[in-house]
Amino acid sequence: MAAARALVRGVRLGSYSIGRSRSLIFNSVQRRGIAACIDPSIGLTDEQKEFQKVAFDFAANEMAPHMAEWDQKEIFPVETMRKAAQLGFGGIYVNPDVGGSGLSRLDTSIIFEALSTGCVSTTAYISIHNMCAWMIDTFGNNEQREKFCPDLCSMQKFASYCLTEPGSGSDAASLLTSAKLQGDHYILNGSKAFISGGGDTDVYVVMCRTGGKGPKGISCLVVEKGTPGLNFGKKEKKVGWNSQPTRAVIFEDCAVPVTNQLGAEGQGFNIAMKGLNGGRINIASCSLGAAHASVLLARDHMCVRKQFGETLSNSQFLQFKLAEMATKLVASRLLVRQAAVALQEGRPEAVSLCSMAKLFVTDECFSICNQALQIHGGYGYLKDYAVQQYVRDIRVHQILEGTNEVMRMIIARSLLTES
């Protein structure tokens with residue numbers, strides 16, 4: 001936790017005072033505090049509360065005021081993310097010797113939840129970038145770690161994760177992108193689909209087939225932007241996640257040095273799955289932030305909106321709805337944090353818990369945000385109101401990092417195998 005103390009000390013010396021209020025202001029709604037029963041700082045150490053406040057403050061001051069503009073104009077907020085990296089958020093769980101903050105998976109979840117209250121889409125990209133940096137830090141040799149990680153942790157360079165292909169989504173082990181060894185280079189051919197940051201980022205962590213069929217024939221290569229044969233498709237038009245570009249990544253006789261191979265040949269699928277275990281916690285944490293903000297927005301709207309001569313807060317039906325939303329939020333948060341601790345400790349149930357967290361939290365948090373929109377009535381469907389963006393941005397969380405149907409398969413397999 002020395003890294004956490006250094007991060008907090010650095011913030012105290014900078015322009016982000018941790019004493020500022022964590023509460024969000026959206027749509028000119030009066031600033032209100034966070035009710036004790038849904039307070040995300042419950043159960044945290046003093047140190048965790050410190051950097052949670054840092055993240056909330058950054059979200060409220062550097063992200064939330066621009067969230068709608070980034071969405072509508074499809075702006076990739078590079079400079080804002082580099083400011084986040086100055087707070088240690090570019091390599092949260094990367095080792096300090098290569099520029100990371102060296103924090104735990106639980107610490108990471110706390111930070112991503114807080115940042116997502118300011119912009120889910122941007123935070124989700126930061127979480128993917130962190131996953132890539134961690135993969136290089138964990139599976140790379142010293143030369144690879146020293147070459148890539150410092151620039152990734154400072155976000156002077158940005159990373160993308162390349163697993164999904166046009167013909168292999170949930171069935172990732174059937175990927176077809178090939179890498180043929182020729183001398184001291186792999187010649188890469190194939191394409192990847194739905195790549196966050198594609199075309200705008202600098203480092204691509206690519207899963208490709210170097211051997212036979214199945215997972216054991218997959219290896220992991222790091223491909224740098226500017227490599228001949230690396231090309232990109234058109235920028236996709238998406239329902240949400242509009243502050244990060246999404247493109248196909250295309251390899252046409254792309255020569256990648258053997259020195260850019262992470263781990264051993266044939267280890268790629270294992271690397272990909274270990275990355276995704278943490279990615280599932282990260283994306284669930286981003287859903288938590290959206291749901292937390294949406295509960296506050298719904299509550300504040302209920303306190304000011306009048307119908308039939310009284311505020312919506314006097315409607316018992318809506319009181320019960322709000323209570324259900326708050327309960328789902330807290331239950332989701334507890335499950336994510338339990339999974340994060342299990343993954344950090346390498347416990348045998350970690351994979352199943354990560355899958356449970358991703359399944360339950362992304363489903364329930366989408367339900368929370370959708371209900372918050374319903375409470376806003378017609379106003380919730382207007383882009384002047386933040387709640388609709390939370391709904392659009394977290395809908396994809398039920399699909400990526402392994403669909404929620406695949407999460408059910410993983411959980412069921414674990415239960416039946418143990419029986």
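The values are calculated or read from the model by the stated rules, or taken from the named source; none is laboratory data. Note that this is a predicted model, so its numbers are computed, not measured. Because the Cβ atoms are built from the backbone with ideal geometry, glycine has one as well, and the counts that use them run over all protein chains shown. All accessible areas refer to the heavy atoms of the entire protein, side chains included, with ligands and DNA or RNA removed. Shrake-Rupley method; radii C 1.70, N 1.55, O 1.52, S 1.80 Å.
Here the chain is assigned +1 on the Cβ of each Lys and Arg and -1 on the Cβ of each Asp and Glu. Its dipole about the Cα centre then comes out at about 700 debye. Accessible surface computed residue by residue for the chain, with neighbouring protein chains in place and a 1.4 Å probe, gives 41 Å² per residue.
W241 contributes an accessible area of around 10 Å² to the protein surface, as traced by a 1.4 Å probe with all chains present.
Taking amide H as placed 1.01 Å from N in the peptide plane, S170 has no amide H partner under 5 Å among residues 5 or more places away or on another chain.
Computed about the Cα centre, the dipole magnitude for the range 122-246 is approximately 400 debye when only Lys and Arg (+1) and Asp and Glu (-1) carry charge, each at its Cβ. Cross-link partners of K216 among lysines, defined as those whose alpha carbon lies under 18 angstrom from its own and excluding same-chain residues fewer than eight positions apart: K180, K274. Put a dot 7 Å past the Cα of K73, heading toward its Cβ, do the same for K235, and the two dots end up 1.2 nm apart.
Placing one equal scatterer on every Cα of the range 269-417 and applying the Debye formula, the log10 ratio I(q)/I(0) at q = 0.10, 0.18 Å⁻¹ is -0.39, -0.95.
Express the C-alpha Rg of the range 224-331 as a ratio against the empirical globular expectation 2.2 N^0.38 Å, rounded to two decimals.
Values: Rg = 23.4 Å, N = 108, 2.2 N^0.38 = 13.0 Å.
The range 224-331 yields a ratio of 1.80.
Judged by the mean number of other Cβ atoms found within 10 Å, the most tightly packed of the peptides 282-295, 386-399 leads the ranking 282-295, 386-399. Short-range pairs are left out: with C-alpha atoms under 8 Å and at least six residues apart, the relative contact order of the chain is 15 percent.
The H on the amide N of G197, modeled in the peptide plane, is under 5 Å from the matching H of T246, R247, each at least 5 residues off or on a different chain. Shown is the FRET efficiency for E143 and S315, computed with R0 = 60 Å from the Cβ-Cβ distance and rounded to the nearest 0.05: 0.40. Beyond 19 Å, what share of the Cα-Cα pairs of the range 159-265 is found? Please give it as a whole percent. Looking at the range 159-265, the distances longer than 19 Å represent 38 percent of pairs. Of the three principal axes defined by the Cα atoms of the range 35-154, the extents in descending order read 47, 39, 18 Å.
The share of Cα pairs per 10 Å bin across the range 336-382, counted from zero up to the longest distance, runs 27, 30, 21, 16, 5 percent.
Pairwise over distinct Cα atoms, reciprocal of the mean inverse distance: report the Kirkwood radius of the range 67-122 in Å, one decimal place.
12.2 Å
Here is what passes the span test in the chain: the DSSP H helices with alpha carbon length of 27 Å or more along the helix axis and a Kyte-Doolittle mean of 0.0 or above are 120-139, 268-304, 316-345, 350-376.
Overall, the range 35-154 carries a charge dipole of about 120 debye about its Cα centre when +1 sits on the Cβ of Lys and Arg and -1 on the Cβ of Asp and Glu, all other atoms neutral. Distance from the alpha carbon centroid of the range 291-310 to that of the range 69-94 works out to 30 angstrom. Every pair of different Cα atoms in the chain enters the Kirkwood calculation, which places the hydrodynamic radius at 21.8 Å.
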